[in-house]
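Undergrad: The structure is given below, and queries will be raised subsequently.
The values are calculated or read from the model by the stated rules, or taken from the named source; none is laboratory data. These figures come from a predicted structure and were not determined experimentally. As a convention, Cβ positions derive from the backbone with ideal geometry for all residues, glycine included, and neighbour counts pool all protein chains shown.
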Amino acid sequence: MDITAAFSEALQLILGADAKFLQIVGLSLRVTLTAVLLAALIGLPLGAWLAISRFSGRALVIVFVNGLMGLPPVVAGLVVFLLLSRAGPLGSWGLLFTPTAMVIAQTVLVLPIVIALTRGTIEELWREYREHLASLGVNGWRAVPTLLWDGRFALATGLLAGFGRASAEVGAVLIVGGNIANYTRTMTTTIALETSKGDLPLALGLGIVLMALTLLINALAFGASRIGQRFAG
Amino acid sequence: MRDLASILPLRVENLAFEAEGKALLGPVSFKLPKGGITAIIGPNGAGKSLLLRLCHGLIAPASGRAEWATEGGLLAGRKGHAMVFQRPVMLRRSARANLQHAVSVAGAGRRVAEALQRFGLEPLAERPARLLSGGEQQRLALARAWLLAPEVLFLDEPSSQLDPGATRQIEAILLGLASEGVTLLMTTHDLGQARRLARRVLFLHRGQLVEDAEAHAFFAAPRTEEARAFVAGDLLW
Ligand SMILES: Nc1ncnc2c1ncn2[C@@H]1O[C@H](COP(=O)(O)OP(=O)(O)OP(=O)(O)O)[C@@H](O)[C@H]1O
Ligand SMILES: [Mg+2]
């Protein structure tokens with residue numbers, strides 16, 4: 001099949017809102033958005049706590065979390081696979097090869113990014129705000145809401161970075177999702193499969209959507225940091 | 001006659017601070033009764049900011065104490081003490097939101113709209129606080145402290161970066177607060193300002209309280225050699 005024909009068929013898939021095509025895009029977005037949401041719910045408070053707490057071994061924890069930001073997706077997938085596989089500790093939940101398993105794997109991938117960026121952002125703000133907040137009678141964890149709100153633009157950028165990483169990865173979702181048609185097939189796993197099978201239009205169409213998504217994320221991140229700069233003076 | 005609900009007088013007894021084994025302040029003793037403006041003056045690095053932060057409870061003394069008349073003395077809140085810093089911290093929000101934040105976390109006293117009006121901040125209310133000029137930020141910081149309805153207000157160089165007009169504006173505000181019964185303890189580098197505002201002067205030099213005197217007496221005839229040199233502009237640090 002020649003490339004031009006593949007392109008025009010890919011565009012037809014996108015513009016024609018092909019049901020199978022939309023299902024794949026929809027599942028990918030649902031999985032990744034859920035993972036980012038979960039990572040935010042866990043990572044924002046945890047990162048903020050790490051920023052303002054002092055305990056022995058704190059430096060070690062920070063280095064560890066920073067290191068996890070570079071965790072290869074296949075390794076994250078492998079770990080979650082081992083946890084969820086029939087013989088694994090969570091095997092009885094029966095989650096392997098379900099969308100939920102993919103959400104868990106992507107949460108594991110995004111969480112270190114959220115924790116590390118939150119820790120950095122909040123620690124810097126805390127240094128600056130500490131005495132002012134203490135003067136208002138706000139100490140320790142009670143300062144967290146103020147700090148999170150004032151770091152909102154940097155934190156939004158961090159969440160978008162996490163979203164970008166999760167939506168682009170293929171290794172983790174492939175291992176724990178199994179790439180089952182109409183069930184756990186995401187944009188990236190479909191591209192990997194269809195390209196090797198020779199269904200170029202579907203792969204190309206999904207590739208275009210993925211690229212557009214990446215551009216959108218970067219535009220949003222750019223916008224957030226611009227507005228943030230305005231408030232940071 | 002002592003006001004039973006008052007946190008004053010503040011009793012500072014042998015208050016000392018050190019960092020990394022180096023004595024930076026004290027021991028210092030004085031009493032701050034209710035009312036009036038007291039100016040802490042002295043060269044750079046004398047320990048003026050440290051003394052204010054110790055009194056406000058932001059840092060812990062190495063020895064000695066600063067004791068309020070009522071149990072512990074309240075931080076912020078009604079019948080409490082508030083502070084305006086040498087470099088006021090502006091939250092990454094609008095001017096109005098900076099005021100609202102103080103009210104919501106300290107749970108205190110006055111209305112934001114009233115503060116905006118009294119301190120001439122209405123036209124600036126929606127602007128990001130960090131983009132305001134130095135003078136505007138100083139006014140916002142004062143408004144923010146005033147919102148808490150403090151009985152005592154600590155001010156660290158409230159007009160150090162301001163032009164003469166803005167300085168006069170701040171001084172008028174401070175005199176207004178004092179006339180309403182707020183007790184002010186402020187540091188200043190501006191001896192003219194100390195003369196214009198203060199009833200009493202605490203002169204600090206190298207961490208020691210060298211003179212504690214009525215302002216007019218201090219400026220007419222300082223008792224110590226260091227104070228004489230300082231007022232004459234000959235004492236550097
Ligand atoms: N946490 C700290 N660790 C070490 N040294 C400190 C610390 N805080 C203050 N100092 C030192 O203590 C001295 C007094 O500081 P302070 O800020 O009280 O001076 P100041 O009288 O307010 O001076 P200025 O007029 O310049 O504002 C300075 O020499 C300063 O370097
Ligand atoms: Mg100072």
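Undergrad: Hey, can you tell me all the residues within segment B:25-39 that are within 16 Å of B:Gly207 (Cβ to Cβ) and touching a helix residue (DSSP H, G or I) at 6+ places or on another chain (Cβ under 6 Å)? Walk me through how you get there before you give the answer.
TA: Here is the first cut: in segment B:25-39, the residues within 16 Å of B:Gly207 (Cβ to Cβ) are B:25-30.
Residue satisfying the conditions is B:Leu25 alone.
Undergrad: State all residues of segment B:148-169 that are more than 16 Å from ligand 2 (Cβ to nearest atom), within 23 Å of B:Gly42 (Cβ to Cβ) and surrounded by 22 or more Cβ atoms within 10 Å (Cβ to Cβ); if no residue qualifies, say none.
TA: B:Val152, B:Leu153 - these are the residues of segment B:148-169 that are more than 16 Å from ligand 2 (Cβ to nearest atom), within 23 Å of B:Gly42 (Cβ to Cβ) and surrounded by 22 or more Cβ atoms within 10 Å (Cβ to Cβ).
Undergrad: Which members of segment B:6-23 meet the condition of being in contact with a Leu (Cβ under 7 Å, 6 or more places away or on another chain) and either within 16 Å of ligand 2 (Cβ to nearest atom) or not in a strand (DSSP E or B) (or both)?
TA: Narrowing segment B:6-23 to residues in contact with a Leu (Cβ under 7 Å, 6 or more places away or on another chain): B:7-10, B:15-18.
Selection gives B:Ile7, B:Leu8, B:Pro9, B:Phe17.
Undergrad: What number of residues within segment B:150-190 satisfy the criterion of being more than 16 Å from ligand 1 (Cβ to nearest atom), in a strand (DSSP E or B) and within 14 Å of chain A (Cβ to nearest Cβ)? Before the answer, list the steps.
TA: So the first thing to find is which residues in segment B:150-190 are more than 16 Å from ligand 1 (Cβ to nearest atom), and the list is B:150-153, B:163-184.
Those left that are additionally in a strand (DSSP E or B): B:152-153, B:183-184.
Filter once more, so that each one left must be within 14 Å of chain A (Cβ to nearest Cβ): B:152-153.
Number of matching residues: 2.
Undergrad: Considering only segment A:142-233, give the helices (runs of 4 or more DSSP H) lying wholly within it that have at least 3 residues that are under 17 Å from the mean Cα position of the chain (by Cα).
TA: Details: elements: A:144-150, A:152-168, A:171-177, A:187-197, A:200-232.
Helices (runs of 4 or more DSSP H) meeting the threshold: A:152-168, A:171-177, A:187-197, A:200-232.
Undergrad: Can you name every residue in segment A:46-65 that is assigned to a helix (DSSP H, G or I) and surrounded by fewer than 16 Cβ atoms within 10 Å (Cβ to Cβ)? Quick ask: steps written out before the conclusion?
TA: We begin by selecting, within segment A:46-65, every residue assigned to a helix (DSSP H, G or I); these are A:46-52, A:58-65.
Selection gives A:Arg58, A:Ala59, A:Leu60, A:Val61, A:Val63, A:Phe64.
Undergrad: When you go through (1) closer than 26 Å to A:His132 by Cβ; (2) in contact with a Pro (Cβ under 6 Å, 6 or more places away or on another chain) one by one for B:Pro33, which number turns out not to apply?
TA: (1)
Undergrad: While we're on this one: Identify the single condition in (1) closer than 27 Å to B:Arg228 by Cβ; (2) more than 16 Å from ligand 2 (Cβ to nearest atom) that B:Gln193 does not satisfy, given that it satisfies every other one.
TA: Unmet for B:Gln193, out of (1) closer than 27 Å to B:Arg228 by Cβ; (2) more than 16 Å from ligand 2 (Cβ to nearest atom): (2).
Undergrad: Scan segment B:27-42 for residues that are farther than 19 Å from B:Arg195 by Cα and surrounded by 24 or more Cβ atoms within 10 Å (Cβ to Cβ) and report the count.
TA: First, pick out the residues of segment B:27-42 that are farther than 19 Å from B:Arg195 by Cα: B:27-31, B:33-34.
Filter once more, so that each one left must be surrounded by 24 or more Cβ atoms within 10 Å (Cβ to Cβ): B:28.
The qualifying residues number 1.
Undergrad: Within segment A:2-24, can you find the residues that are closer than 12 Å to A:Arg185 by Cα and surrounded by fewer than 20 Cβ atoms within 10 Å (Cβ to Cβ)?
TA: Those that are closer than 12 Å to A:Arg185 by Cα and surrounded by fewer than 20 Cβ atoms within 10 Å (Cβ to Cβ): A:Lys20, A:Leu22, A:Gln23.
Undergrad: Here is a further query. Does B:Leu50 meet the test of being in contact with a Pro (Cβ under 8 Å, 6 or more places away or on another chain), modelled with pLDDT of 90 or more, within 16 Å of ligand 1 (Cβ to nearest atom) and within 13 Å of chain A (Cβ to nearest Cβ)?
TA: Values: in contact with a Pro (Cβ under 8 Å, 6 or more places away or on another chain): no; modelled with pLDDT of 90 or more: yes; within 16 Å of ligand 1 (Cβ to nearest atom): yes; within 13 Å of chain A (Cβ to nearest Cβ): yes.
In short, no.
Undergrad: Give the residue, chosen from B:Ala232, B:Ala215, that is in contact with a helix residue (DSSP H, G or I) (Cβ under 8 Å, 6 or more places away or on another chain) and of a type in the set (A, V, I, L, M, F, W, C). Quick ask: steps written out before the conclusion?
TA: Values: B:Ala232 fails: in contact with a helix residue (DSSP H, G or I) (Cβ under 8 Å, 6 or more places away or on another chain).
Of the residues listed, the single one that is in contact with a helix residue (DSSP H, G or I) (Cβ under 8 Å, 6 or more places away or on another chain) and of a type in the set (A, V, I, L, M, F, W, C) is B:Ala215.
Undergrad: If you go through segment A:104-145 one residue at a time, how many are of a type in the set (Val, Ile, Thr) and under 23 Å from A:Leu220 (Cα atoms)?
TA: To start, the set of residues in segment A:104-145 that are of a type in the set (Val, Ile, Thr) comprises A:104, A:107-108, A:110, A:113-115, A:118, A:121-122, A:138, A:144.
In the following step, the residues that additionally are under 23 Å from A:Leu220 (Cα atoms) were identified as A:107, A:110, A:113-115, A:118, A:121-122.
Of the residues in that region, 8 qualify.
Undergrad: On the given criteria, is A:Gly88 outside any helix (DSSP H, G or I) and either surrounded by fewer than 21 Cβ atoms within 10 Å (Cβ to Cβ) or at pLDDT below 95 (or both)? Break it down into steps so the answer makes sense when it comes.
TA: Working: outside any helix (DSSP H, G or I): yes; either surrounded by fewer than 21 Cβ atoms within 10 Å (Cβ to Cβ) or at pLDDT below 95 (or both): yes.
Criteria met by A:Gly88.
Undergrad: Just the residues that are over 14 Å from the mean Cα position of the chain (by Cα) and either within 12 Å of chain A (Cβ to nearest Cβ) or assigned to a helix (DSSP H, G or I) (or both), please, taken from segment B:140-149. Talk me through it step by step, then tell me what you get.
TA: Initial filter on segment B:140-149 (over 14 Å from the mean Cα position of the chain (by Cα)): B:140, B:147-149.
Result: B:Leu140, B:Leu147, B:Leu148.
Undergrad: Something else: Looking at segment B:86-110, which of its residues are within 19 Å of the chain's Cα centre (by Cα) and facing chain A (nearest Cβ under 7 Å)?
TA: Passing the criteria: B:Val89, B:Ala102, B:Ala106.
Undergrad: Can you find, within segment B:54-79, the residue that is modelled with the highest pLDDT among those that are buried (at least 20 other Cβ atoms within 10 Å of the Cβ) and within 8 Å of chain A (Cβ to nearest Cβ)?
TA: Ranking the qualifying residues of segment B:54-79, first place goes to B:His56.
Undergrad: Looking at B:Leu124, B:Leu132, can you tell me which residue is surrounded by fewer than 23 Cβ atoms within 10 Å (Cβ to Cβ), within 14 Å of another protein chain (Cβ to nearest Cβ) and modelled with pLDDT of 95 or more?
TA: Working: B:Leu132 fails: modelled with pLDDT of 95 or more.
The unique qualifying residue is B:Leu124.
Undergrad: When segment B:40-68 is examined, which residues are found to be among the hydrophobic types (A, V, I, L, M, F, W, C), closer than 18 Å to B:Asp190 by Cα and either part of a loop (DSSP other than H, G, I, E, B) or away from ligand 2 (no atom under 13 Å from the Cβ) (or both)?
TA: B:Ala46
Undergrad: Would you pick out the residues in segment B:205-234 that are in a helix (DSSP H, G or I), touching a Phe, Trp or Tyr at 6+ places or on another chain (Cβ under 8 Å) and not hydrophobic (A, V, I, L, M, F, W, C)? Lay out the reasoning, then the answer.
TA: We begin by selecting, within segment B:205-234, every residue in a helix (DSSP H, G or I); these are B:215-220, B:225-231.
Now restrict to residues that are touching a Phe, Trp or Tyr at 6+ places or on another chain (Cβ under 8 Å): B:218, B:226-227, B:230-231.
If the condition is that a residue be in a helix (DSSP H, G or I), touching a Phe, Trp or Tyr at 6+ places or on another chain (Cβ under 8 Å) and not hydrophobic (A, V, I, L, M, F, W, C), then B:Glu226 is the only one that fits.
Undergrad: Looking at the structure I just gave you, is B:Gly26 assigned to a strand (DSSP E or B), modelled with pLDDT under 90 and at positive phi?
TA: Details: assigned to a strand (DSSP E or B): yes; modelled with pLDDT under 90: yes; at positive phi: yes.
Yes.
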